[in-house]
1. I'd like to know if the range A:121-131 contains one or more residues that are in contact (Cβ under 8 Å) with a residue 40 or more places away in the chain, away from every other protein chain (no Cβ under 14 Å) and within 23 Å of A:Arg243 (Cα to Cα).
2. Tell me, which helices (runs of 4 or more DSSP H) wholly within the range B:40-123 include 3 or more residues that are within 27 Å of A:Tyr111 (Cα to Cα) and among the β-branched types (Val, Ile, Thr)?
3. Search the range A:110-120 for residues being of a type in the set (A, V, I, L, M, F, W, C) and either more than 8 Å from chain B (Cβ to nearest Cβ) or touching a Leu at 6+ places or on another chain (Cβ under 7 Å) (or both), and hand back the single one that is surrounded by the most Cβ atoms within 10 Å (Cβ to Cβ).
4. Taking the condition open to solvent by less than 20 Å² (accessible area, probe 1.4 Å), among the β-branched types (Val, Ile, Thr) and more than 8 Å from chain A (Cβ to nearest Cβ), does B:Val38 pass?
5. Looking at the range A:186-193, is at least one residue open to solvent by less than 30 Å² (accessible area, probe 1.4 Å), more than 25 Å from A:Tyr255 (Cβ to Cβ) and either touching a Ser or Thr at 6+ places or on another chain (Cβ under 7 Å) or within 14 Å of chain B (Cβ to nearest Cβ) (or both)?
6. Condition test on B:Phe83, is it closer than 21 Å to B:Phe137 by Cβ and either of a type in the set (A, V, I, L, M) or at pLDDT 95 or above (or both)?
7. I'd like to verify a number: residues in the range A:141-167 that are within 15 Å of the chain's Cα centre (by Cα) and assigned to a helix (DSSP H, G or I), how many?
Amino acid sequence: MPREDVAEFTIESVQVLAEDETVDEELIPDLSDEQLLELYESMKRSRRLDERAIALQRRGELGTYAPAIGQEAAQVGTAFAMADGDWIVPSFREQPALLVRGTPPEQILQYALGMEEGAEIPDGEGALPPAIPVGTQPLHAAGIGWGEALQDRDNVAVTYFGDGATSEGDVYEAFNFAGVYDAQTVFVCQNNRYAISTGIEKQTRAETFAQKAIAAGIDGIRVDGNDILAVYRVAQEAIEQARDGDPVLIEALTYRRSMHTTSDDPTAYRESEEEAEWEARDPILRFQVFLEDRGLLDSETEDEIDERIESELADAIDQARTANEAVDPADMFRYVYDELPPYLEAQLEAFEAERGGETDG
Amino acid sequence: MAERLRMIEAVGETLRSELERDDGVVVYGEDVGRAGGVFRATEGLIDDYPDRVFDSPVAEAGIVGVGVGLAATGMRPVPEIQFQSFLYQGFHQLAQHVARIRSRTRGTITCPMTIRTPYGGGIHALELHSESFEAGFSHVPGLKVAIPSSPAETAGLLRSSIRSPDPVVFMEPTRLYRSFREEVPDDHEVPLGEARVVEDGDDVTVVAWGSMLRETLDAVDEIDASVEVIDPRTLYPLDTETIADSVRKTGRCVVVHEAPRTGGLAGEITARINEEAFLYLEAPVERVTGYDVPVPLFAREDDYLPDADRIEDGIRSALEF
């Protein structure tokens, strides 16, 4: 057999709203004015939640927190394309997507306050709690997408992870399982340029993260992750494709404008020029200009949105604080197994006796 | 109707009846479909349940991890990991997600998964095909760990594991797969978390599980004393009461396992006896275990594994202390 090419591939990249504010009219997704404003408000709500959370952490009220500032379009756009009944399988930085899917902000804050209550899934909601170990949860999404297919249901699982996660074996295993079993799964890789301090050039020699799908035989596509119209468009197509049993990997090209978590100082590994460059490409700013140009947003509407967000967040913070005061530490025994085994029952009794003793003494 | 089955057949028959009973049960793993598993435990299941029995990619983290997702959608995954040492590749999924998802979501998402895996030495297998890591799995709150010692026990424990709302690591002693037949009642269930007193006795208690129980029974035959033999069956949660009650009666105890000694479950059982029955002890608790070395290749395997002679010696030193 002579030497010949037996496989070749290309990776498509999509942008609707260019950085210079020119718009590809043909690619604008079919969304009403209200929906467009909803996208904008969702991004702003998440940004303010993150800003408030950072401030609360700095005051010592919250534990370590991973802000998604800069990544709002990648998440809101994908989550907005999901339907009722679809599953969200997040990592630990998915506030924008979770808020769109209906997780109340007080629950996000509760989790950051160190309470399992924040990871409790409301009845009937398709969601898994935040996954802390990098790159472990795409497998769960592959399993959900497979389980939905096995039970002849239409629901899709959408999972989120970063560029660093693609170096973990589990992530490839997830693509591969999803492909083999026609899982109804969409993988959203937010290429935000850094895995804590490690830049993408040290993460992989691959030209794109989207092409990591190719080896598993599933489709990979890249999108400008700071362009919410492009993200929504690509996500909608991917979700419909996954609904038919063809999983997709989306690489959303974006930038984590703030720290990895509140324990991290990005000035140690990032140049301020680079940060300034990405500040100018901010997803909220870019979309705001688009909405203003179309006459959908003026300063009055903007003020209304901001006020609504501030008052909602103030309530959420109050609720999270109140919930924190009501924490029952004995709860840690109650959910380990369906029924408390005798030795745990004994440990719970000993724990309560000790606590009782402390209160009395 | 009760049938006389080998352990491997008991596994297959139990899987078949649970697939029949519950549409949510899904059996998958490397080679479990067409080939029926490397030990043939799942032979023929794919023919009867082609929509719920699957060959999977060679990816142990994946096999364990997708189970979390399957369970979240309401299914009851029963994956097979070909040999227990390969479950190390999925241990992070076990410890980070499978075992904790109930706790961390306060019961709103659960993972009723049974991970079957052959374990243990004695079949002259390749390197890393003979390990006994039950102590490691038993250190992860939220998991249950079960090890059967006979065909009937296998059917009973496996059925309870599959029906359990909690995740179970179900370790099958490879060495006993085809070693003997036993009557297995239909729809047999053995509750998780309850030990079995295999033989009654008054002079010394011996605790042993899996293939070590067989060795222990051989050793006991050689001993001129009244030996009580206990099979914990579930290593986690461990039925401390049955063991402590026995030690209160006999005053002496020997714990036998083929896993390495340090950090092995014999240490935990000894500690529990100290807590529950210390004043009844007439001798220190004796441990008969594997050595603290990697399980050797099979040329030295027989020297590594506790056998009836070593167990007999252990029982004698407890008796003669």
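The values are calculated or read from the model by the stated rules, or taken from the named source; none is laboratory data. Bear in mind that the values here come from a model prediction, so they are computed numbers and not experimental data. Please note: Cβ atoms are built from the backbone with ideal geometry, for glycine as well, and neighbour counts cover all protein chains shown. SASA here: full protein model, heavy atoms, side chains in, ligands and nucleic acids out. Shrake-Rupley method; radii C 1.70, N 1.55, O 1.52, S 1.80 Å.
1. no
2. Details: elements: B:45-48, B:60-72, B:101-104.
Passing ranges, in order: B:60-72.
3. Applying the filter and picking the extreme gives A:Ala112.
4. Details: open to solvent by less than 20 Å² (accessible area, probe 1.4 Å): no; among the β-branched types (Val, Ile, Thr): yes; more than 8 Å from chain A (Cβ to nearest Cβ): yes.
Criteria not met by B:Val38.
5. no
6. yes
7. Residues that pass the stated criteria total 3.
Residue by residue, here is whether (1) over 20 Å from A:Gln137 (Cβ atoms); (2) in contact with a Ser or Thr (Cβ under 7 Å, 6 or more places away or on another chain); (3) open to solvent by less than 30 Å² (accessible area, probe 1.4 Å); (4) more than 11 Å from chain A (Cβ to nearest Cβ) holds:
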residue: B:Val68; (1), (2), (3), (4): no, no, yes, no
residue: B:Met75; (1), (2), (3), (4): no, no, yes, no
residue: B:Ile81; (1), (2), (3), (4): yes, yes, yes, yes
residue: B:Ser85; (1), (2), (3), (4): yes, no, yes, yes
residue: B:Phe91; (1), (2), (3), (4): no, no, no, yes
